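The values are calculated or read from the model by the stated rules, or taken from the named source; none is laboratory data. All of these numbers come straight from a predicted model, not from anything done at the bench. Don't worry about glycine lacking a Cβ; one is built from the backbone with ideal geometry, like all the others, and counts go over all protein chains shown. For accessibility, only protein heavy atoms count, side chains too; no ligands or nucleic acids. Shrake-Rupley method; radii C 1.70, N 1.55, O 1.52, S 1.80 Å.
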Amino acid sequence: MLTLGTFAEEGDEEEQLYDDECEEEEPIITETSSSARPTYKKVKSEYSTNTTNRPEPVVLDLSALNNNNNNNKKPKRARARRATVESEVSNTSEKRSVFGKSNPSYNIMRSNIGCWEDDINTGEYWMPPVNEYHVNEPLIVDFRCACFKLTDVSTVNFTTLIKFVVVFEWNDSRLKGMPITTNDLPADLWGPDIILENAQNDCAVVYDSFSLLSAEQGRLKRTVTFHGHIFTPMGLKDFPFDSEELSLKFISINNWRTLDQTRHGNDPVNHVYILRPMLDRDDVDFFLLGWGGKVQEFNMLGWSQDVQNPEIPTIPIIFKFDIHLVRMASFYVYKVLFPLWLITITSMATFAIDPLDLQGRLEVLFTLLLSTIALVYVVQESIPKISFLTMVDKIVNATLLNLALSVLFSYLISRTSNPAEMNLIMAISNQVVYWAVNVFLIIPPYMRFRKTIRDFVKKEEEIEEIRRLGTFEQDIGQSVHVAMRKSFAARFLSSSRRRL
């Protein structure tokens with residue numbers, strides 16, 4: 001057996017240098033004939049003294065080396081390290097971040113994350129970074145958002161189909177100054193996370209990207225997408241002249257998730273980070289409207305946001321994003337209210353029938369009563385089963401009561417001594433009371449409806465700033481309202497001026 005590591009002698013500097021470089025390697029063993037090989041010292045002596053009678057050179061059999069490639073470890077300096085490899089400290093398939101040994105040309109820029117041996121031993125990248133400017137204060141995580149889908153707004157089920165994106169940006173001081181790219185980020189790198197509280201079971205959460213924006217600053221970005229149905233309760237008291245706020249309520253108890261999503265959790269003990277909306281950035285808008293802004297059955301006025309960062313870590317961070325809508329009431333006016341009013345006007349024809357012909361009057365009134373009841377079932381399909389009466393419910397009930405009173409009045413008229421005079425009085429009073437009740441029920445909700453619109457478009461100058469916030473100072477907890485639908489706002493203002 002011949003061992004390469006034993007070849008070097010003190011007198012040969014070149015072979016000694018080769019031996020020093022390979023001292024960390026596993027011995028590579030080859031088999032040769034033990035009787036035919038001289039020692040290295042003897043070979044060199046014969047070579048130097050007798051040039052004509054040189055011994056045959058020793059031939060190394062490399063077949064054993066080729067057969068044992070899988071058993072012999074390569075030198076550490078020759079290994080190619082990638083950003084994500086299998087862990088070498090256990091037999092599990094846990095993925096760890098490995099950069100490989102640093103290049104001597106940028107040793108001065110290397111941080112503790114640059115040494116893969118330290119990374120395997122410590123695994124600190126799933127821990128949150130600190131605020132590099134104020135160590136004792138929580139990390140500042142800037143964020144913005146976008147909405148790429150808003151459809152299927154169900155008044156009956158209180159649900160809405162959305163595709164909403166939240167983008168986080170923050171600085172990780174551990175990566176600051178590293179000559180790396182997004183592909184070099186460790187797999188277990190810490191990142192913020194958030195929960196959509198009013199998401200339904202079919203709402204999927206997709207972690208789209210985790211990228212390095214600036215290696216010089218250690219600036220990172222994470223994108224989280226929520227796609228599915230959310231629970232959006234509505235205040236239907238003024239239905240169909242109602243204005244609704246489709247709210248997306250996000251919470252975070254210092255929630256976090258690593259890049260490869262193998263580790264995640266929250267921290268109710270330490271105040272790890274706070275959320276700060278990107279409202280003072282000139283290069284990017286805080287909110288991006290990723291579709292045309294049209295919502296079936298509604299007009300979109302604008303949006304508002306509110307962030308609450310509590311001082312106590314046990315209280316969750318709350319980010320509430322509201323999309324303000326007003327219902328287009330024309331459908332319900334033409335398909336529900338107008339038929340009810342038409343039935344009531346038609347009921348006046350019964351008072352033109354002979355007051356003594358009670359049977360003829362009752363036939364007409366009962367037919368109209370059944371038609372109204374059938375219309376009630378149509379209305380019930382458009383609104384949920386709620387414990388209070390909407391404006392439409394009140395008008396439907398007023399119409400049913402008016403028809404019921406007409407039946408009663410017809411009976412009383414037929415029993416009076418002066419049916420003609422009583423018939424005229426009952427007909428007029430019945431209609432006056434009904435229309436007065438309608439005005440009383442419709443005017444207040446309609447005025448509230450118009451006031452809601454005015455709150456978003458008070459001045460013409462605000463219309464020019466639609467979809468843009470501008471530069472201004474804002475506290476973290478301050479709410480911001482922005483008008484969106486320029487065409488709708490302009491149309492509303494012009495119609496208001498004509499009425500005035």
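The figures follow:
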quantity	calculated
S214 vs. criteria open to solvent by less than 50 Å² (accessible area, probe 1.4 Å), without any contact (Cβ under 8 Å) to a residue 24 or more places away in the chain and within 23 Å of L259 (Cα to Cα)	yes
First in the stretch 169-192 and without any contact (Cβ under 8 Å) to a residue 40 or more places away in the chain and under 23 Å from R144 (Cα atoms), second anywhere and among the aromatic types (F, W, Y) and buried (at least 17 other Cβ atoms within 10 Å of the Cβ), Cβ under 8 Å, 6 or more apart	T182/F210
Unique match (being touching a strand residue (DSSP E or B) at 6+ places or on another chain (Cβ under 9 Å), more than 30 Å from P445 (Cβ to Cβ) and modelled with pLDDT of 95 or more) among I251, I230	I251
Meets criteria (free of Cβ contacts under 8 Å to residues at least 40 places away in the same chain and either open to solvent by 70 Å² or more (accessible area, probe 1.4 Å) or of a type outside the set (S, T, Y) (or both)) for W341	no
Count of the stretch 418-431 residues which are of a type in the set (G, A, S) and open to solvent by less than 20 Å² (accessible area, probe 1.4 Å)	1
Selection from the stretch 314-360 of residues that are within 30 Å of L412 (Cα to Cα), assigned to a helix (DSSP H, G or I) and among the β-branched types (V, I, T)	I343, T344, I345, T346, T350
Looking only at the stretch 304-313, and only at residues there that are open to solvent by 10 Å² or more (accessible area, probe 1.4 Å) and either part of a strand (DSSP E or B) or among the acidic types (D, E) (or both), the one that is farthest from T151 (Cα to Cα)	E311
Residue within the stretch 315-336 that is among the polar types (S, T, N, Q), open to solvent by 40 Å² or more (accessible area, probe 1.4 Å) and touching a residue at least 12 places away in the same chain (Cβ under 8 Å) present	no
Total residues in the stretch 134-182, condition touching a strand residue (DSSP E or B) at 6+ places or on another chain (Cβ under 9 Å), farther than 15 Å from D208 by Cβ and assigned to a helix (DSSP H, G or I)	1
Residues that are within 15 Å of the chain's Cα centre (by Cα) and open to solvent by 60 Å² or more (accessible area, probe 1.4 Å), drawn from the stretch 145-168	F148, K149, K163
Enumeration of residues in the stretch 378-417 that are at pLDDT below 90, within 22 Å of F241 (Cβ to Cβ), in a helix (DSSP H, G or I) and open to solvent by 50 Å² or more (accessible area, probe 1.4 Å)	V378, Q380
Contacts under 7 angstrom Cβ, first residue in the stretch 437-461 being within 17 Å of K394 (Cα to Cα) and open to solvent by 100 Å² or more (accessible area, probe 1.4 Å), partner at pLDDT below 80 and polar (S, T, N, Q), 6 or more apart	none
Count of residues meeting criterion [crowded, with 19+ Cβ neighbours inside 10 Å and at pLDDT below 85] in the stretch 276-302	2
Matching option when the condition is open to solvent by 50 Å² or more (accessible area, probe 1.4 Å), of a type outside the set (A, V, I, L, M, F, W, C), at pLDDT 90 or above and under 24 Å from the mean Cα position of the chain (by Cα), among D172, D202, D142, D193	D202
Residue pairs meeting the criteria (Cβ under 9 Å; at least 6 apart or on separate chains; first over 10 Å from R144 (Cβ atoms) and part of a loop (DSSP other than H, G, I, E, B), in the stretch 271-295; second open to solvent by 40 Å² or more (accessible area, probe 1.4 Å) and of a type in the set (S, T, Y))	D280/T471; D282/T471; W291/T151
Top-ranked residue in the stretch 303-312 [being touching a strand residue (DSSP E or B) at 6+ places or on another chain (Cβ under 8 Å) and closer than 30 Å to N270 by Cβ; ranked as modelled with the lowest pLDDT]	Q305
The lone exception for A420 - which of (1) under 30 Å from V156 (Cα atoms); (2) modelled with pLDDT under 90 it fails	(1)
